[in-house]
2 protein chains.
Amino acid sequence: MEPIDVFKALSNETRLNILRWLKEPEKHFPKQGAHLPKEVSYKGGVCVGDIQEKAKVSQSTVSSYLNMMQKAGLLESVRHGQWTYYRRNDLFIEQLAEYLKTDI
Amino acid sequence: MEPIDVFKALSNETRLNILRWLKEPEKHFPKQGAHLPKEVSYKGGVCVGDIQEKAKVSQSTVSSYLNMMQKAGLLESVRHGQWTYYRRNDLFIEQLAEYLKTDI
DNA sequence: TTGACATATCGGAAAATCTCGATATATAAT
DNA sequence: ATTATATATCGAGATTTTCCGATATGTCAA
């Protein structure tokens with residue numbers, strides 16, 4: 001874990017909101033998953049376009065935000081066809097809270 | 001708590017180190033406390049000058065870093081005479097870890 | 001294979017942050 | 001009062017971050 005990169009990724013309201021939204025994807029992205037084939041169902045993953053619409057920033061901005069959060073460890077992604085689905089890395093976030101308590 | 005301000009304060013190696021050093025002040029600031037009168041002994045507080053020497057940044061930089069971390073909630077300070085002593089706000093850091101688990 | 005759509009990457013202008021030296025303020029000692 | 005010391009504040013140049021539009025890449029459908 002690179003704590004500086006993680007804290008930088010968390011230092012932005014939009015990115016923080018994305019993390020929060022992805023905690024309850026069904027609630028915040030009701031129409032998501034339309035394109036996701038059942039057999040590869042990606043639990044809780046939301047595609048970039050849906051996140052962009054909700055976040056109200058440009059397509060390039062949301063793409064780089066998501067990439068940044070993934071590199072930091074906060075998110076995971078899979079691609080299915082032309083869609084990329086992002087979801088939280090809950091284990092990592094747990095570890096981050098633990099890291100705060102012990103290493104900071 | 002303003003999470004953005006807290007994460008910004010944590011997004012810098014020197015500031016992160018200051019927090020870590022203040023976890024074991026006796027260890028990292030062996031000669032600290034020289035000016036602190038016994039009757040107002042400030043458990044674990046370290047003066048700005050000692051922190052600056054260890055952090056190897058300018059006096060103004062360390063002063064604004066400490067101020068920023070205090071505003072964010074990570075540190076507390078008391079002034080005794082011409083010295084300002086800073087120490088960790090451990091309760092706040094605990095709450096931050098909790099906040100991460102529940103709100104992020 | 002062409003066209004349409006989703007996402008990623010690039011290049012850059014504006015804003016924010018970093019970090020310093022200079023200076024101001026507060027307190028203590030003479 | 002004056003001087004010395006500790007810390008805070010100010011102003012600014014360098015660097016980084018923000019966020020966009022334009023463009024490239026990848027994938028699917030016709």
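Structure notes:
- Looking only at segment B:66-81, and only at residues there that are open to solvent by 40 Å² or more (accessible area, probe 1.4 Å) and touching a residue at least 40 places away in the same chain (Cβ under 8 Å), the one that is nearest to the other protein chains (Cβ to nearest Cβ): B:M68
- Flag if B:K23 is surrounded by fewer than 18 Cβ atoms within 10 Å (Cβ to Cβ), modelled with pLDDT of 95 or more, in a loop (DSSP other than H, G, I, E, B) and of a type in the set (K, R): yes
- Subset tally (residues that are closer than 15 Å to B:E13 by Cα and more than 8 Å from DNA strand D (Cβ to nearest atom)) for segment B:62-73: 3
- Of the residues making up segment A:1-18, those that are assigned to a helix (DSSP H, G or I) and either within 16 Å of DNA strand C (Cβ to nearest atom) or at pLDDT below 95 (or both) number 12.
- Restricting A:S60, A:S77 to those that are at pLDDT 95 or above and within 12 Å of the chain's Cα centre (by Cα) reduces the list to A:S77.
- Cβ-Cβ contacts under 9 Å between residues 6 or more apart (or on different chains), taken from a first residue in segment A:1-17 that is within 7 Å of chain B (Cβ to nearest Cβ) and among the aromatic types (F, W, Y) to a second residue that is within 14 Å of DNA strand C (Cβ to nearest atom) and not in a loop (DSSP other than H, G, I, E, B), are listed as A:F7/B:V6; A:F7/B:F7; A:F7/B:K8; A:F7/B:A9; A:F7/B:L16.
The values are calculated or read from the model by the stated rules, or taken from the named source; none is laboratory data. Computed from a predicted structure; not experimentally measured. Quick reminder, even Gly has a Cβ in these numbers, built from the backbone with ideal geometry, and neighbours come from all protein chains shown. Just so you know, the surface numbers come from the protein's heavy atoms only, side chains and all, with ligands and any DNA or RNA stripped out. Shrake-Rupley method; radii C 1.70, N 1.55, O 1.52, S 1.80 Å.
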